[in-house]
Amino acid sequence: MAKERAVITVTGIDHPGIIASITKALADQDVNIEDLSQTIVQGLFTMILIADVTGRDLSKLQQTMARIGKKQGVQITVQHENIFKYMHRV
Amino acid sequence: MIYSIEEILETVRMIQAEHLDIRTVTMGINLRGCISDDIREMNKNIYETITSRAGKLVSEAKAVEEMLGIPIVNKRISVTPIASLLDTPLAGKKNAIEGAVSVAKTLDRAAKDLNIDFIGGYSALVHKGFTTGDSILINSIPEALTSTDRVCSSVNVATTKSGINMDAVLLMGQVMKKTAAINPIGCAKLVVFANAPQDNPFMAGAFHGEGEPETVINVGISGPGVVRAVLSQMDNSDLGELSETIKRTSFKITRMGELVGREMAGRLGVEFGIVDLSLAPTPAEGDSVANILEIMGLEKCGTHGTTAALALLTDAVKKGGAMATSYTGGLSGAFIPVSEDSGMVDAVKSGAIGIDKLEAMTSVCSVGLDMLVVPGDTSPETLSAIIADECAIGMVNGKTTGVRLIPAGKEGEYVEFGGLLGGSYVMPLNKFSSAGFVRRGGRIPAPIQSFRN
């Protein structure tokens with residue numbers, strides 16, 4: 001099976017527990033994190049995770065992340081890697 | 001990281017803050033197999049063909065939307081020009097118009113049952129003359145468009161190869177007028193074309209033309225807001241640099257269309273047709289082609305320099321987009337509909353733009369005079385003359401031009417259509433008559449440019 005990756009983007013006001021809640025949820029769904037980067041962009045906490053979602057249900061993951069986003073007060077988007085591959089790689 | 005943070009955030013920002021979307025995924029469906037000499041039987045065949053082939057269009061579009069995190073605003077269907085189906089069941093019949101309208105209603109019912117936004121192809125191609133089916137269809141347009149909600153109609157009256165059918169131009173002025181008399185909104189679903197593309201995914205002009213496969217997926221992209229946002233950071237750049245930036249942006253936007261088109265076609269098991277790489281505005285603040293021209297340094301869209309700025313924009317969009325997709329098609333360029341573009345509506349309100357400047361602009365961009373509200377008492381001959389002018393521009397320049405006018409209200413009044421159609425101020429027209437010219441009829445011969453063989 002071809003490898004499928006998702007790009008998870010998190011933005012919001014920095015506070016303890018954001019990374020923990022997201023990485024725990026990913027572990028609970030048996031999703032491996034391949035890369036993780038965190039920075040502050042225009043004063044906002046910004047984290048990007050690249051996760052291996054081969055054979056996983058992307059919409060279930062999106063629902064979980066929407067729930068966490070609401071609880072943590074941050075915006076989380078979960079998108080298939082292809083959108084970035086098509087837009088930024090020739 | 002395999003993608004830089006900047007790249008990822010750029011994509012997310014384009015979608016969330018700058019209105020980047022896939023404007024439409026349009027499924028083209030061949031209906032020739034539905035022809036029957038019994039109109040009821042034909043309607044049944046049409047309904048079954050459309051609903052079986054497009055049964056999963058909306059659900060798969062939703063799935064792709066979720067997977068990629070990019071909105072697909074419209075799900076549409078285009079069908080074989082209906083005029084070509086009408087001869088067999090309706091030629092010589094007393095109630096032929098009624099029969100044609102029943103087909104429009106069938107299309108409307110299929111669109112509603114499938115939850116499709118618009119269905120295009122209530123169309124006729126009459127650039128050289130009328131078949132019996134063409135005449136029936138064209139005469140049924142006023143009733144067909146005002147007794148349905150989602151059916152769109154287009155009539156091709158001119159091509160570079162064959163010239164302008166002025167009998168058809170005269171007739172279409174009358175058809176517009178009759179449609180508006182029943183309900184002006186009907187005119188928002190009617191476009192008169194020169195050089196109509198056969199694979200256009202955008203409404204009101206989409207139809208499934210000759211040479212197309214049984215079923216196909218065509219995609220229309222959008223993103224004036226994205227172009228405006230990148231140009232707004234470039235106050236000190238010269239026009240060559242602006243063009244370069246527009247090209248890069250257009251490439252990225254068009255790639256989204258290519259990706260969504262391939263994904264949709266794969267999921268539905270049909271052929272992928274084309275990406276229409278057009279900047280299509282919406283009434284949303286900032287999602288405006290007029291605003292892009294203003295960012296380039298024009299105080300208001302419509303002032304002197306607007307045609308040059310639009311030429312630069314259209315060309316850069318095409319150059320950037322052409323490399324991003326394997327197959328381009330449809331209208332491809334920049335759209336300048338008036339009521340659907342908040343910047344354009346502002347320009348009309350302030351008197352910066354009028355029909356003469358818009359006509360000039362259509363010589364350097366895709367489409368034509370689109371979504372203009374003109375006075376409700378405009379004569380059919382004046383409407384025909386406006387159509388003839390646009391056809392001449394399309395015919396001589398070997399490009400598509402279209403006319404979508406809505407005769408409603410009085411000069412200066414605001415008329416609202418709602419949704420993506422927006423609303424606009426009634427635009428003044430030239431007060432002098434064109435009746436003597438358009439009533440002559442006949443055909444304007446093809447220009448010398450057509451002899452390319």
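Quick check on the stretch B:76-86. Is at least one of its residues open to solvent by 10 Å² or more (accessible area, probe 1.4 Å), under 30 Å from B:Met14 (Cα atoms) and basic (Lys, Arg)? Checked the stretch B:76-86: at least one residue is open to solvent by 10 Å² or more (accessible area, probe 1.4 Å), under 30 Å from B:Met14 (Cα atoms) and basic (Lys, Arg). With respect to (1) at the interface with another protein chain (Cβ under 7 Å from one of its Cβ atoms); (2) within 11 Å of the chain's Cα centre (by Cα), the lone exception for A:Thr39 is condition (2). Annotation: of all residues in the stretch B:414-441 being part of a loop (DSSP other than H, G, I, E, B) and among the hydroxyl-bearing types (Ser, Thr, Tyr), the one that is most open to solvent (accessible area, probe 1.4 Å) is B:Ser433.
Kindly indicate whether any position in the stretch A:53-67 is more than 7 Å from chain B (Cβ to nearest Cβ), farther than 21 Å from B:Glu65 by Cβ and in a strand (DSSP E or B). Within the stretch A:53-67, not a single residue is more than 7 Å from chain B (Cβ to nearest Cβ), farther than 21 Å from B:Glu65 by Cβ and in a strand (DSSP E or B). Against the conditions (1) more than 21 Å from A:Lys24 (Cβ to Cβ); (2) open to solvent by 70 Å² or more (accessible area, probe 1.4 Å); (3) away from chain B (no Cβ under 12 Å), A:Lys70 satisfies every one except (1).
Tally up the residues in the stretch B:287-318 that are within 23 Å of B:Thr24 (Cβ to Cβ) and open to solvent by 10 Å² or more (accessible area, probe 1.4 Å), please.
Keep residues of the stretch B:287-318 that are within 23 Å of B:Thr24 (Cβ to Cβ), which gives B:287-292, B:310, B:313-314, B:316-318.
Remaining after also requiring open to solvent by 10 Å² or more (accessible area, probe 1.4 Å): B:291, B:318.
Here the count works out to 2.
Highlighted here are the helices (runs of 4 or more DSSP H) found entirely within the stretch B:336-413 that include at least 2 residues which are under 23 Å from B:Leu171 (Cβ atoms): B:355-361, B:380-397.
Can you confirm whether B:Asp113 is in a helix (DSSP H, G or I) and either open to solvent by less than 30 Å² (accessible area, probe 1.4 Å) or touching a Phe, Trp or Tyr at 6+ places or on another chain (Cβ under 8 Å) (or both)?
On the way: in a helix (DSSP H, G or I): yes; either open to solvent by less than 30 Å² (accessible area, probe 1.4 Å) or touching a Phe, Trp or Tyr at 6+ places or on another chain (Cβ under 8 Å) (or both): no.
No: the conditions fail for B:Asp113.
If I filter the stretch B:1-17 for residues that are of a type in the set (Phe, Trp, Tyr), more than 14 Å from chain A (Cβ to nearest Cβ) and surrounded by 15 or more Cβ atoms within 10 Å (Cβ to Cβ), do I get at least one hit?
The answer is no, given that none of the residues of the stretch B:1-17 is of a type in the set (Phe, Trp, Tyr), more than 14 Å from chain A (Cβ to nearest Cβ) and surrounded by 15 or more Cβ atoms within 10 Å (Cβ to Cβ).
The set of residues in the stretch B:149-178 that are of a type in the set (Val, Ile, Thr) and closer than 18 Å to B:Val438 by Cβ comprises B:Val155, B:Val157, B:Ile164, B:Val169, B:Val175.
Can you list the helices (runs of 4 or more DSSP H) found entirely within the stretch B:1-106 that contain at least 3 residues being at pLDDT 95 or above?
By residue number, B:39-53, B:57-68, B:83-90.
The values are calculated or read from the model by the stated rules, or taken from the named source; none is laboratory data. Predicted, not measured: the structure shown is a model, and the values here were computed from it. Don't worry about glycine lacking a Cβ; one is built from the backbone with ideal geometry, like all the others, and counts go over all protein chains shown. What goes into the accessible areas is simple: the full protein's heavy atoms, side chains included, and nothing from ligands, DNA or RNA. Shrake-Rupley method; radii C 1.70, N 1.55, O 1.52, S 1.80 Å.
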